[in-house]
Every structure is written in C-alpha cells, then in structure tokens.
Amino acid sequence: MVEPCQAGSPDHAPEHPQDLFVDWFAAAIAAGVTEPHAMTLSTVDADGLPDARVLILKGVTDDGAWTFAGSAQSTKGVQLGARPAAALTFHWKEQIRSIRVRGTVAQVPAPAARRDFLARGPAARTVALSAQQSSQLTDPGSFNRALSAPRQQLEEEPETVPETWRVWQLVPASVEFWQGQEDRNHLRLQYVRSGSSWEHHRLQP
Ligand SMILES: Cc1cc2nc3c(=O)[nH]c(=O)nc-3n(C[C@H](O)[C@H](O)[C@H](O)COP(=O)(O)O)c2cc1C
C-alpha cells in the first residue's frame, strides 16, 4: 500500500501506473469516496473538437488497460471509431485526489463485450436494446411505450445482446496521480510510457 505522501515520491512509486491506481482505488473505497469508479471520458470528434461525459470504469487489466462500455452508435462510440484516442479523469474529492489517464483506445473482442452486456441489470439491458443512444428523442411517449417490446424479448431470450454493444480499453501513454495539499504544494507524479516500460517523475504543482 502506498501512503498518500509517498505516492508523490518517485522513490516509492511502483513500476507500473496500474498498480498505483489499484492502490489508490482501494484507498478511495476504504475512505468512503462516493462512486470512485465514475470518471470523465474525453474524446475528440472528427473535426478535433473535444467532448466529454461521465462513464463507469469497468476495470483495469493486469497489463494496464482501463476499460469502459457503451454503444457504438452513441456520440462517444462514433468519435472513438473515427479517432481511437481518449483521456480519463477521476476526481476523488474526499481525498483531494485526481488521476488522469491518456492514450489510445481499442475495442475488446466481442465475447468480452457480450459478457459485459449480460452482466448488466434488466432495466439497463432493456434500454440499451431499444435505444440508439445519443440520437435525437423526438417523441418521449412513444419511446417509453416501445420499451415493452425489448422487455418481452429479454424475458423470452435473456441472452440477447445488441450488435452495437462495445467494451473499449484505453492503453495509456501517460498516467498522472495528483494529491492535493493544504499548502497548495500539490504532489504530482506522472508516468510516461517508454517502449515496453514506464518512466516516472514529479511535476510542478
Ligand atoms: C455516474 C454515471 C455513470 C455513467 N456510466 C455510463 C456508462 O458506463 N456507459 C455509458 O454509455 N454511459 C454512461 N453514463 C451516461 C453518459 O454520461 C452519457 O450520457 C452517455 O454515455 C452518452 O454520451 P455520448 O452522447 O457522448 O455518447 C453515465 C452517466 C453517469 C452520470
């Protein structure tokens, strides 16, 4: 376990950023941080205009990929299709901590996306089956009424998975851990990928 102050010190930093992330995540849960797995996913559109929204972090793999899920038809899905690069931002207010992850994005193979979808609750699956996420909602009433068809479909065929469901993984080029300090001399530890390994260093506050 890396103590908060040690986290800013390259002398105590683990070799891989995902290990420090997992330590910090466990500490966030222990500290009662509300929804530590909620993060901002930033993307860019085809014109280079930034976009951002909140998503749930699905996990961090042992080899250091941050995963998240959604629809290929959504705005983020279209943006990631055109420009497979993104940033993730976590803010854990109770601990005065933030983490930034930047890198390239790839889709995980379909069987893993399928497993992710089937692990979702019935309401989430029903809406995902009927919605073209992020398309204009012209008639809320008829959309709500139309939910009965996918609801019934899921009762009859619980293994149904929409073809558009995706799990993406972000493979970072850099990861920054930020620990706020009362004297504003904040600790910033940045990892930068260097070939098959990582280098890390402090940043000025
Ligand atoms: C706490 C929280 C968690 C969310 N988790 C997800 C998620 O895991 N996947 C998802 O597609 N949208 C999630 N959303 C909704 C997104 O913020 C967003 O509205 C949606 O993905 C459409 O974004 P887009 O139009 O940029 O594609 C979440 C919203 C909140 C507030």
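The values are calculated or read from the model by the stated rules, or taken from the named source; none is laboratory data. Everything numeric here is computed off the predicted structure, so don't read it as measured data. Positions of Cβ are backbone-derived with ideal geometry, glycine not excepted, and every protein chain shown enters the neighbour counts. In case anyone asks, the SASA skips ligands and DNA or RNA and just uses the protein heavy atoms, side chains included. Shrake-Rupley method; radii C 1.70, N 1.55, O 1.52, S 1.80 Å.
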Seminar exercise, completed: Ordering 36-43, 25-32 by per-residue average of other C-beta atoms within 10 angstrom, highest first, gives 36-43, 25-32
For this session: Whenever you get a sec, compute what percent of the accessible area on region 81-164 sits on carbon and sulfur atoms (1.4 Å probe).
Result: 52 percent
Exercise. Per residue of the chain, what 222 nm ellipticity follows from adding -39500 (n - 2.57) for every DSSP H run with n ≥ 4, rounded to the nearest 500?
Worked result: -8000 deg cm²/dmol
Exercise. What ranking of Trp178, Trp92, Trp198 comes out by heavy-atom accessible area, probe 1.4 Å, highest first?
Worked result: Trp178, Trp198, Trp92
Problem set entry | As computed over region 1-118, the Cα convex hull volume per residue (Å³) | 124 Å³
Problem set entry | Solvent exposure of region 4-202 as accessible area per residue, Å², 1.4 Å probe | 55 Å²
Seminar exercise, completed: Debye calc, one equal point scatterer per Cα of the chain, no solvent, log10 I(q)/I(0) at q = 0.14, 0.17, 0.18 1/Å comes to -0.89, -1.17, -1.25
Seminar exercise, completed: Scoring region 4-202 by relative contact order with C-alpha pairs under 8 Å, at least six apart, yields a percentage of 25 percent
For this session: Would you mind telling me the share, in percent, of accessible area of region 11-53 contributed by carbon and sulfur at probe 1.4 angstrom?
Result: 53 percent
